[in-house]
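The values are calculated or read from the model by the stated rules, or taken from the named source; none is laboratory data. Since this is a predicted model, take the numbers as computed values, not measurements. Ideal geometry is used to build each Cβ from the backbone, glycine not excepted, and the neighbour counts take in all protein chains shown. Ligands, DNA and RNA are stripped out before the accessible areas are found, and what is left, the full protein with its side chains, is counted by its heavy atoms. Shrake-Rupley method; radii C 1.70, N 1.55, O 1.52, S 1.80 Å.
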Amino acid sequence: AAMKRQGAEGEFRSNLHRGGSATVVKLSKEERETAILAAKAMGLNMCGVDLLRSQHGPMVMEVNSSPGLEGIETATGKNVAGMVFEFLEKNAKPNSTKTRGKG
């Protein structure tokens, strides 16, 4: 799922809890690949990746290991939390994690 956040008038931050708005957006192939590479670099199977669109291509601003889902679910109309659980149910195997953490 992907969304574009826009800050409120006079506000440089685009946080939804600070009055920003969110709309659904379709990622380009390059944006999708950049987000996936950022997640892999951080060793995360599930995360939120904040990108900026620039004249030089997508730029990673932040990788959130525990992203809030209310905004993305509202903007896209998708049950992201449910999709995560469905993925885990289908793919979880004991001792097969590829994350960098121990355990």
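When residue 95 is tested against (1) open to solvent by 60 Å² or more (accessible area, probe 1.4 Å); (2) on the phi < 0 side of the Ramachandran plot; (3) assigned to a loop (DSSP other than H, G, I, E, B), exactly one condition is not met: (2). Within the stretch 4-22, the residues that satisfy the criterion of being open to solvent by 60 Å² or more (accessible area, probe 1.4 Å), under 15 Å from the mean Cα position of the chain (by Cα) and within 20 Å of residue 54 (Cα to Cα) are 4, 5. Look at the stretch 49-64: where a residue is in contact (Cβ under 8 Å) with a residue 24 or more places away in the chain and a partner is part of a loop (DSSP other than H, G, I, E, B) and open to solvent by less than 40 Å² (accessible area, probe 1.4 Å), sitting 6+ places away or on another chain with Cβ atoms under 6 Å, you get 63/47.
In summary, residue 30 fulfils each of the numbered conditions (1) touching a Gly at 6+ places or on another chain (Cβ under 7 Å); (2) modelled with pLDDT under 95 with the single exception of condition (2).
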